[in-house]
């Protein structure tokens, strides 16, 4: 991923300092589906084959990819198009359309220690240096499979899912970790990909929770340090044992939200 050094004035505790800062470059790409222009995309300029493949799967536009090539700023994807009944088309907040996902079927289980370990991996060097990108990670059978950074949280998910698609990985045994919020559109992407568990450092929404519940996804958010919140399908987390809520059970959620 391309970054650039820029000069700026930083204020700390009332004092001003001249600094050099690392920022991410934006790039624009044209996405083609079966030889026809589909959409423009703003993204970071790495893992573009994975981005194209993952986008088609996560948007519910196809259930398999036959070929992906990148020529300059063009991402060319060949894939059989999924029939989308008009009544099922929903806006996802991202480019394109998405059908309602089928329920996710998986025998995957995990424990609290797994969630802590996954959370600790939801970062990349670019994320640490710039603070200007989102990050997603994909675990397969509890081992780290791939990390991806991008300007857009949707793109990071597409990239890690696209990697699994192109490598023929069984996505029903994968866990998705994200820095980004998990509203309906993000949860829907994981559901289309057949991923049973989402771990996010950030928040979800009512519709995100409802979508995860219907899709059979274990949705875990506010995963930071030694805490996290499981909103749906807690049965996949083998060692959860409920205790009475402490007097102050709601921490300040604004940090990293």
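Yes or no, residue by residue, for (1) assigned to a strand (DSSP E or B); (2) within 18 Å of residue 153 (Cβ to Cβ); (3) in contact (Cβ under 8 Å) with a residue 24 or more places away in the chain:
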{"site": "20", "(1), (2), (3)": "yes, no, no"}
{"site": "32", "(1), (2), (3)": "yes, no, yes"}
{"site": "39", "(1), (2), (3)": "yes, yes, yes"}
{"site": "55", "(1), (2), (3)": "no, yes, yes"}
{"site": "65", "(1), (2), (3)": "no, no, yes"}
{"site": "68", "(1), (2), (3)": "yes, no, yes"}
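For segment 189-210, the candidate set comprises residues that are in contact with a helix residue (DSSP H, G or I) (Cβ under 6 Å, 6 or more places away or on another chain) and in contact (Cβ under 8 Å) with a residue 60 or more places away in the chain; within that set, the residue that is farthest from residue 164 (Cα to Cα) is 199.
Among the residues making up segment 223-243, those that are part of a strand (DSSP E or B) and surrounded by fewer than 22 Cβ atoms within 10 Å (Cβ to Cβ) are 224, 227, 228, 229, 230, 237. If you go through segment 52-64 and keep only what is within 17 Å of residue 191 (Cα to Cα) and either surrounded by 21 or more Cβ atoms within 10 Å (Cβ to Cβ) or in contact with a strand residue (DSSP E or B) (Cβ under 8 Å, 6 or more places away or on another chain) (or both), you end up with 53, 54, 55, 56, 57, 58, 59, 60, 61, 62.
Only one entry of 80, 103 meets the criterion of being more than 19 Å from residue 187 (Cβ to Cβ), at pLDDT 90 or above and in a loop (DSSP other than H, G, I, E, B), and that entry is 80.
When you check residue 195 against the structure, is it under 20 Å from the mean Cα position of the chain (by Cα), part of a loop (DSSP other than H, G, I, E, B), crowded, with 22+ Cβ neighbours inside 10 Å and modelled with pLDDT of 95 or more, yes or no? First the steps, then the outcome.
Values: under 20 Å from the mean Cα position of the chain (by Cα): yes; part of a loop (DSSP other than H, G, I, E, B): yes; crowded, with 22+ Cβ neighbours inside 10 Å: yes; modelled with pLDDT of 95 or more: yes.
Here the answer is yes, as residue 195 does meet what is asked.
For segment 108-131, what are the residues that are in a loop (DSSP other than H, G, I, E, B), without any contact (Cβ under 8 Å) to a residue 60 or more places away in the chain and over 12 Å from residue 24 (Cα atoms)? Hits for segment 108-131 are 121, 123, 124. Of 109, 91, 120, all but one fail to be modelled with pLDDT of 85 or more, surrounded by fewer than 16 Cβ atoms within 10 Å (Cβ to Cβ) and either under 17 Å from residue 211 (Cα atoms) or touching a helix residue (DSSP H, G or I) at 6+ places or on another chain (Cβ under 9 Å) (or both); the exception is 109.
From the list 28, 22, 3, the lone residue that is touching a strand residue (DSSP E or B) at 6+ places or on another chain (Cβ under 8 Å) and either more than 17 Å from residue 125 (Cα to Cα) or modelled with pLDDT of 90 or more (or both) is 28. Based on this model, can you work out whether residue 33 counts as exposed (fewer than 11 other Cβ atoms within 10 Å of the Cβ), touching a strand residue (DSSP E or B) at 6+ places or on another chain (Cβ under 7 Å) and either over 22 Å from residue 65 (Cβ atoms) or modelled with pLDDT of 90 or more (or both)? Taking the combined requirement at face value, the residue does not satisfy it. Set side by side, the residues 149, 172 differ, and just one is farther than 13 Å from residue 219 by Cβ, touching a residue at least 40 places away in the same chain (Cβ under 8 Å) and part of a helix (DSSP H, G or I), which is 172.
The values are calculated or read from the model by the stated rules, or taken from the named source; none is laboratory data. Quick caveat: nothing in here was measured; it's all calculated off a predicted structure. Don't worry about glycine lacking a Cβ; one is built from the backbone with ideal geometry, like all the others, and counts go over all protein chains shown.
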